[in-house]
Amino acid sequence: MNTASPTRGADAFAKALRAAGVERVFAMSGNQLMIAFDAFLDADIKPVHIRHEAAAVHMADAWAQLTGKVGVAVVPAGPGFANALSALYTARMSESPVVLIGGHAPVGRRGMGAFQEMPQAELASHFTKASWTVDNAAHIAQSIARAVQIASSGRRGPVHVSLPEDILAATVGSLPPLGDDFVRPIRWPLDERAARSVLAALAGAARPLVVTGPVMGRGEGRRLAARLEERTGIPVVCMESPRGVNDPCLGAFAEALAEADMVLALGKMMDFSFQYGAALNKDCKVIDIDAESAMIERSRKLFGPRLVIAAEAGAASAAQRLIDCAEGPVNKDPGWTREVKDAVAYRPAEWRSIASKADGPVHPVELCRAVQARLDAHPDSVLIVDGGEFGQWSQACLNAPNRLINGLAGAIGSAIPYAVAAGLAKPGVPVVALMGDGSAGFHLSEFDTAARSGSIFTLIVGNDSRWNAEYQIQLRSYGPQRLHSCELNPTRYDQVAATLGCHGEHVARPAELAPALERAAASGKAACINVAIESHPAPVVRRKAAPDARAAAAH
């Protein structure tokens, strides 16, 4: 029986999480955190105990993207905290409201060489919206509330808070009341006058286009984007891939973008994914609405007088204001909207006839046809895509109501943690993840987490026994005589998953794929289907230059 005082710093931490609406955290135990694990019991916080700290952040990231709520990762101090940093960068680039809680060496021993002492707040500051260490147990509850609020306000993104071991163990007085105002996101609404100016400018364009960032491609943001397009008649396109305007998921969008004469960047950073503005034609005018003044200043430097309107506002709240202020269609040319939609939907006709050899490995396009049938079986299915060349084929060929990709960070390896969180966030919904065999090596141990937590999903490993993205770079840049060091073993990843308590299937030829998918779905477990695939470069989708379904993509 727990007889510990209910006024420990750890209790304040757990109760603050609960007051913020957090019921589940993705956590790795560690010396400094065991008192917090104890406090989770009384606060009814359910920890999903993971196998690697980066996986905890990836799971919190996926949870946030799918639920619209803040995802919380809890990791130990020092090396454990350092393990989480790469995943924190991925969450930042994907604009995910994640709160990373780090255990920490005792603040009373700061600078004395304490066990696992590390400047965690400073390190995390490079990947977060805000990062700090709590030095007083009385401030824990307000710190958690503040972290949740910052993560979900403006341009969403991760926040880090370190909780030293002695602060968690310290006693505190009565906990301060935590009302909704402590955690409610701060909105950056677009001024009505500015909204009407934006709409008037767009109405004067012949080929207007709205381009958004990742947050407008999921959940409420996605619904707002659809309503904005319907209300104004202006095509709205979300960009969230590191391949930017050349994302195979966007078809021949780059061609349509080059024809636009006015682009509204709605929370879309003008970065490498937009070719620093070079993707636009030289006469195209730009409107920039962004929650960060630094991003608007970047646009001023890139576009000069072509930036006709700039406004500081959150993407979602700005979209809502534009919807409210629009008195009817702003774009009077439905032909332009169709042109953009046709460009995004375009895929080379020859893809429809691609077929694998009956007794050989499976072509990625044929694999995706079978997977799409599984995704179409439910109105709320989840698609997760990770990896290099195989991942790009999957993005180009598959659609689902909910989609998670590795995002603008371009990091690989997140698919299994994403899938674990997705299975918990949406129980009873088909969750299908696809990744290459190179990516599969990062977090295979999280199949153990899936088995223990009861998360159900199907992972498909496209296995061509190589780091194919890098192989293709070597081939293109240095020639076939200088290919080396990119081969992998034909590992049976399905057997690894089965050993960890999940379901495994191996597919060596096309006819085996559909039955394997059915058995995986019927297993009632997380499943891994290891598919031997043909090795191809990622697709480049073009209409104006003769399209080649197997042409290599520029990295």
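Before moving on, here are some points about what is shown:
- Span from the segment 352-370 Cα centroid across to the segment 281-335 one, whole angstrom: 43
- Ala377 paired with Asn31, simple spin-label distance in nm, labels 7 Å along Cα-to-beta-carbon: 4.8
- Each principal axis of segment 74-141 carries a Cα extent, and these read 37, 26, 18 Å when sorted largest first.
- Residues whose amide H comes within less than 5 Å of that of Leu488, counting only those at least five positions distant or on another chain, are Arg466, Trp467 (H built at 1.01 Å from N in the peptide plane).
- The length gained by stretching the chain between Thr171 and Ala278 to full extension, at 0.36 nm per residue less their Cα-Cα distance, is 32.8 nm.
- With contacts taken as Cα pairs under 8 Å at a separation of at least 6 residues, segment 192-345 carries a relative contact order of 33 percent.
- Relative contact order (%) - criterion: Cα under 8 Å, at least six apart; region: segment 9-182: 26
- Set Lys129/Lys285; Lys69/Lys525; Lys15/Lys46; Lys285/Lys341; Lys69/Lys341; Lys15/Lys426 screened for pairs whose C-alpha atoms are more than 19 Å apart: Lys129/Lys285; Lys69/Lys525; Lys285/Lys341; Lys69/Lys341; Lys15/Lys426
- Value of Rg to Rh for segment 349-532 (Rh from inverse mean 1/r over Cα pairs, i.e. Kirkwood): 0.96
- Restricting attention to segment 349-532, close to 5% of DSSP beta bridges with both partner residues there are antiparallel.
- Reported to the nearest whole Å, the Cα centre-to-centre distance from segment 471-510 to segment 61-124 is 32.
- Mean separation of Cα pairs under 8 Å and 6 or more residues apart, divided by the residue count, gives the chain a relative contact order of 12 percent.
- Of every Cα-Cα pair in segment 192-345, the percent that sits beyond 27 Å: 11
- Antiparallel DSSP beta bridges within the chain, percent to nearest 5: 5
- Cysteines without a disulfide-compatible neighbour (Cβ-Cβ under 4.7 Å), the chain: Cys238, Cys249, Cys284, Cys325, Cys486, Cys502, Cys528
- Chain lengthening between Glu23 and Asp333 when straightened (0.36 nm per residue, less Cα-Cα): 106.8 nm
- Taken over the Cα atoms of the chain, the convex hull encloses 162 Å³ per residue.
- Cα gyration tensor, segment 324-398 - rounded (a/c under 1.5), prolate or oblate: prolate
Bear in mind that the values in this text are calculations on the coordinates, not laboratory data. Keep in mind it's a predicted model, so treat the numbers as computed, not measured. Counting neighbours? That spans all protein chains shown, and the Cβs are built from the backbone with ideal geometry, glycine included.
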